[in-house]
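Only one structure is covered here, and it is reproduced in the block below.
The values are calculated or read from the model by the stated rules, or taken from the named source; none is laboratory data. This structure is a prediction, so every number in the text was calculated from the model and none was measured. Cβ placement follows ideal geometry from the backbone for every residue including glycine, while neighbour counts extend to all protein chains displayed.
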Amino acid sequence: MRKGVILGICFSMVLLVVSNDAQAKRGKDDAKENKAIKTDVSSQAPASTRGQQTKPKQIKLDRNHDGKVDRIEIYAAKGIIVESQTDTNGDTKIDEWVFYKKAKPVRAKKDINGDGIADTTSEYDTEGIIVKSETDANGDTKIDEWVYYENGRPVRAEKDTNGDGKPDTWVEY
């Protein structure tokens, strides 16, 4: 009986998290339409943790409602997000990885050309606001575009157009 109650509470919490996340992103959709694909929550809590709230280790989401997982969130033991993996273009392949510290993004990587290798890396400040991104835009595995941000908005961009690893084009916003 006790296991069933604990699992019921955990599943309800996961649905609430999934519903709130999806509603925040989609706006006015009804929470009943949201689909939680799978959760990896321990079904047999050790005796020392009975009566305590179980936190999810991983949540898999179908945010576009096509029946396929397009986002995986990984959580630390305390229930704080540490990583997310997302299929941003609907091809069923993960193409964005975000790493968190204290539930705020600190670094993100994105595959923009679909080859399975991250082409862009973004860095965030302690508040989770983007400060810099670097991109291999031509696919030669060398960074050739840099964008710098203030308050989350781009203020300067640099580009290496001749492949020497140094910027030769600058843009200010």
Scan the stretch 125-167 for residues that are touching a strand residue (DSSP E or B) at 6+ places or on another chain (Cβ under 7 Å), outside any strand (DSSP E or B) and over 22 Å from F99 (Cβ atoms) and jot them down. A137, D144, T161, P167
Out of the stretch 114-124, which residues are farther than 24 Å from G90 by Cα and surrounded by 15 or more Cβ atoms within 10 Å (Cβ to Cβ)? Y124
Could you tell me whether D111 is assigned by TED's automatic domain parsing to the domain that holds G163, out of contact with any helix residue (DSSP H, G or I) (no Cβ under 7 Å at 6 or more places or on another chain) and surrounded by fewer than 16 Cβ atoms within 10 Å (Cβ to Cβ)? no
In the stretch 96-120, residue farthest from K142 (Cα to Cα) [restricted to those that are of a type in the set (D, E, K, R) and not in a strand (DSSP E or B)]: K102
Search the stretch 82-117 for residues being closer than 21 Å to K60 by Cα and of a type in the set (A, V, I, L, M), and hand back the single one that is nearest to the chain's Cα centre (by Cα). V98
Only one of (1) within 30 Å of K55 (Cα to Cα); (2) touching a Gly at 6+ places or on another chain (Cβ under 7 Å) is not met by N113, so which one is it? (1)
For the stretch 61-95, name all the residues that are β-branched (V, I, T) and either within 15 Å of T121 (Cβ to Cβ) or not in a strand (DSSP E or B) (or both). V69, I80, T88, T92, I94
D91 vs (1) surrounded by 15 or more Cβ atoms within 10 Å (Cβ to Cβ); (2) in contact with a Gly (Cβ under 9 Å, 6 or more places away or on another chain): all pass except (1)
Just checking, does the stretch 78-85 include any residue being in contact with a helix residue (DSSP H, G or I) (Cβ under 6 Å, 6 or more places away or on another chain) and surrounded by 14 or more Cβ atoms within 10 Å (Cβ to Cβ)? no
Looking for whichever is surrounded by 15 or more Cβ atoms within 10 Å (Cβ to Cβ) and farther than 25 Å from G163 by Cβ here; the options are V147, V106. Which one fits? V106
